Amino acid sequence: MINNAHGIEIGGLLEAARLAGARILEVYGREFEIEYKGDDSPLTEADKESNEAIMAFLERDYPDVPVISEENQQVPYSERSSWPRFWLVDPLDGTKEFIKRNGEFTVNIALVEHGRPVVGVVYHPVDDTLYVGVEGAGAWKISGDCAAEEIEGGAHYMERTKIKVVASRSHSSPEVAAFVEEIEKKGKEVDFLSAGSSLKLCLVAEASADVYPRFGPTMEWDTCAAHAVVSAAGKQVLDMVTREPLSYNKPNLLNPFFIVE
């Protein structure tokens with residue numbers, strides 16, 4: 001696996017993600033309190049602990065690169081619009097999954113250049129699995145102490161006779177059911193997979209799933225790191241309407257509905 005890219009030492013980034021994951025698991029293994037933010041989304045001690053670990057690493061090793069994190073006070077667009085590159089972080093993606101204790105939560109760290117994710121790390125703490133994507137170099141999966149395994153997404157889903165559709169465990173919808181129905185009308189056989197957090201995008205990146213349609217709200221920090229993995233694995237994350245790749249650092253950090261294929 002590549003060690004340095006886009007001015008980033010990848011090994012150090014992986015260590016930071018693992019440290020954040022260890023902080024999360026420490027809280028996961030005991031009782032914890034749940035707070036609610038202004039938008040009614042849940043917040044736990046684990047979100048805060050992970051954010052502290054990641055911010056300490058980024059501020060120490062990359063002091064000149066600004067950061068947008070879900071758990072930091074958001075920077076006005078008038079200021080961040082001039083950033084050519086920045087970190088985009090979700091210290092605990094899948095807080096609802098964390099609270100349900102189903103294990104399907106991740107640490108997401110991405111480097112964005114000119115609105116495009118160029119380096120992304122997604123860490124799944126429960127099974128000690130890292131997904132890494134680097135623009136121009138490739139994508140890898142690292143399970144525990146095993147060597148990095150290069151991953152590729154494979155053929156477009158409509159080229160297959162049997163299609164694995166992945167969707168959110170917490171946000172199933174009639175739109176997803178309609179999407180599956182349309183595929184079946186074309187004579188395809190559909191297997192329906194369910195997963196939480198950014199793992200859904202990573203399943204497509206590693207060809208464990210073929211397509212992920214998202215018809216619910218997500219924020220830029222929810223998708224950016226996994227988007228880098230998907231792109232580096234040869235797949236796409238596209239706006240459902242325009243069919244253009246998702247872009248980052250928009251005035252409103254809310255993503256449009258999208259499809260990973």
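Values in this text are rule-based calculations from the coordinates and carry no lab data. On a predicted model such as this, the values are computed, not experimentally measured, just so you know. Neighbour counts are summed over all protein chains in view; Cβ atoms, including those assigned to glycine, are modelled from backbone coordinates with ideal geometry.
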List the lysines whose alpha-carbon lies under 28 Å from that of residue 141, not counting same-chain residues fewer than 8 positions away? 48, 96, 100, 162, 164, 200, 235
Count neighbours as other Cβ atoms within 10 Å of each site's Cβ, and list the trypsin sites (Lys or Arg not before Pro) in the stretch 86-181 that are DSSP loop with at most 16 such neighbours. 101, 160
If you stretched the chain out fully between residue 101 and residue 181, how much longer would it get, using 0.36 nm times the residue separation minus the C-alpha to C-alpha distance? 25.7 nm
Translational D in µm²/s for the stretch 1-144 (Stokes-Einstein at 37 °C, 0.692 mPa s, Kirkwood Rh from C-alpha pairs): 210 µm²/s
Select one label from [x] 18.4; [y] 19.1; [z] 21.5: the one whose number is Kirkwood radius over Cα pairs in Å as derived from the coordinates shown. [x]
Could you tell me the relative contact order of the stretch 111-249? Use alpha-carbon pairs under 8 Å, at least six residues apart, and round to a whole percent. 31 percent
I'd like the GluC sites (Glu not before Pro) in the stretch 1-97 restricted to DSSP loop residues with at most 12 other Cβ atoms within 10 Å, sorted by number. 31, 33
Largest to smallest principal axis extent of the C-alpha atoms in the stretch 111-190, angstrom: 41, 32, 24
Taking θ = phi - 60°, what integer Hz values does the Karplus form 6.51 cos²θ - 1.76 cosθ + 1.60 yield along the stretch 249-261, in sequence order, with x for Gly and Pro? 6, 6, x, 9, 7, 7, 7, x, 4, 9, 9, 9, 8
